[in-house]
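J.: Here you go, one structure.
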Amino acid sequence: MIDSSESDPVWSQIRRDAQQIIEQEPVLASQVQEIVLDRASLEEVIAYRLAGKLTFLSHWEYHLEHVFLEAMEADPSIGRAIRADIRAIHHRDPACLNAITPVLYYKGFKAICCHRVSHWLWRHHRRQLALHLQSLTSEFFAVDIHPAARIGSGILLDHATGFVAGETSRIADHVSILHAVTLGGTGKVSGDRHPKIDRGVLIGTGAKILGNIRVGEGARIGANSVVLEDVPPHVTVAGVPARVVSENEVESPADAMDHILHPAEEPLG
């Protein structure tokens, strides 16, 4: 686990943000003190915050704080991914005021954190607890990610409501996804049956990507598109069913966060 020294700039910045909130809004002082400043590391903050949220559904969920800490202590890559997510959100989301905002308020960030732990449980053959955590995350955050799905770091899950990712879904690093997106199957096919999303992809609101298909690096998926075939790298697809409408001018649409289709790009029909 990474300590609270200056070698952990994300944690140091979150502590500074917490102090600023206390100075600017004293009514939140006790809450911010308890959630952030009373903790020794970002991992402790995440474990405490998530367990507290999920306790809303059941009075005995506080045991999850220990589960979160166990996973993050055993696998430091979880903490590194969480820090990369915070940096990505702050960089890409103009509504994100500072580094502490996702930790306190963003359910997409919290849902991905929950998934990172449920995935660790799944890989360590603690599958009933992994599924239990998936169920709680779905009920509380309205985000349903199978514990076996693999998700990279530097992820922005913006707004998050209605996001679904199936068991064999794969999401690479530095991907941005809006709400109501489905990475789903096409029926009762077993085995490897869900989408693979490569680095730098931007997926617009309401897009449905179905089947064991690949969305290439730096691609962009238009809002409400239905994608049923592989998407080449560095193109924009849109429509129902989706088709290629342009080549992308930017290397990483996930960073640019430009969802607008220009008139020449609009799909026919």
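J.: What residues have an amide H closer than 5 Å to that of residue 151, excluding those fewer than 5 places away on the same chain, when H is modeled at 1.01 Å from N in the peptide plane?
T.: 171
J.: Let me ask something additional. With a cap of 12 neighbouring Cβ atoms within 10 Å, and only residues DSSP puts in a loop, list the chymotrypsin sites (Phe, Trp or Tyr not before Pro) found in segment 21-81.
T.: Values: sites: 48, 56, 60, 62, 68; in loops: 56, 60, 62.
Those that pass, being in a loop and sparsely packed, are 56, 60.
J.: Further question: By its C-alpha gyration tensor, with a ≥ b ≥ c as the square roots of the eigenvalues, how is segment 188-269 shaped: rounded for a/c under 1.5, else prolate for a/b larger than b/c, else oblate?
T.: Values: a/c = 2.11, a/b = 1.39, b/c = 1.51.
Oblate, since a/c reaches 1.5 and b/c is not below a/b.
J.: Show me the trypsin sites (Lys or Arg not before Pro) within segment 127-202 that DSSP assigns to loop and that have at most 10 other Cβ atoms within 10 Å of their Cβ. Walk me through the numbers on the way to the answer.
T.: Values: sites: 127, 150, 170, 188, 193, 196, 199; in loops: 188, 193, 199.
Sparse-neighbourhood loop trypsin sites (Lys or Arg not before Pro): 188.
J.: Sticking with this one: How high is the FRET efficiency from residue 123 to residue 66, r the C-beta distance, R0 30 Å, rounded to 0.05? Don't jump to the answer; show the numbers that get you there.
T.: Numbers: r = 18 Å, r/R0 = 0.62.
Once the sixth-power term is evaluated, E becomes 0.95.
J.: Straight-line reach from residue 53: which lysines have a Cα under 18 Å away, not including same-chain ones fewer than 8 places off?
T.: Output for residue 53: 107, 110.
J.: Quick one: length gained pulling residue 7 to residue 228 fully straight, 0.36 nm per residue minus the C-alpha distance?
T.: Details: separation 221, 0.36 × 221 = 79.56 nm, distance 4.46 nm.
Taking 0.36 nm per residue and subtracting the Cα distance, the gain is 75.1 nm.
J.: Calculate I(q)/I(0) for segment 131-253 by the Debye formula, one identical point scatterer on each C-alpha and no solvent, and give its log10 at q = 0.10, 0.13, 0.14, 0.21 Å⁻¹ to two decimals.
T.: Debye intensities relative to I(0), on a log10 scale: -0.26, -0.45, -0.52, -1.19.
J.: Could you work out the helix-only [θ] at 222 nm for the chain, with each DSSP H run of four or more residues adding -39,500 (n - 2.57) and the total divided by the number of residues, to the nearest 500 deg cm²/dmol?
T.: Numbers: 9 runs with 104 residues, N = 269.
So the calculated ellipticity at 222 nm is -12000 deg cm²/dmol.
J.: Moving on to the next point. Apply the Karplus parameterisation 6.51 cos²θ - 1.76 cosθ + 1.60, with θ equal to phi minus 60°, to every residue of segment 120-129 and state each ³J(HN,Hα) to the nearest whole Hz, in sequence, with x for glycine and proline.
T.: So the Karplus estimates, Gly and Pro as x, are 4, 4, 4, 5, 9, 6, 10, 6, 5, 5 Hz.
J.: Put a dot 7 Å past each Cα toward the Cβ at residue 161 and residue 40; how far apart are the dots in nm?
T.: In this crude label model, residue 40 to residue 161 measures out at 4.0 nm.
J.: Given H placed 1.01 Å from N in the peptide plane, which residues other than close sequence neighbours of residue 235 have an amide H under 5 Å from its amide H?
T.: Those lying under 5 Å, H to H, from residue 235 are 219, 220, 248.
A short reminder: the numbers here are calculations on the coordinates, not readings from a lab. Predicted model, so just to flag it, every value in this text is computed and none were measured. Ideal geometry is used to build each Cβ from the backbone, glycine not excepted, and the neighbour counts take in all protein chains shown.
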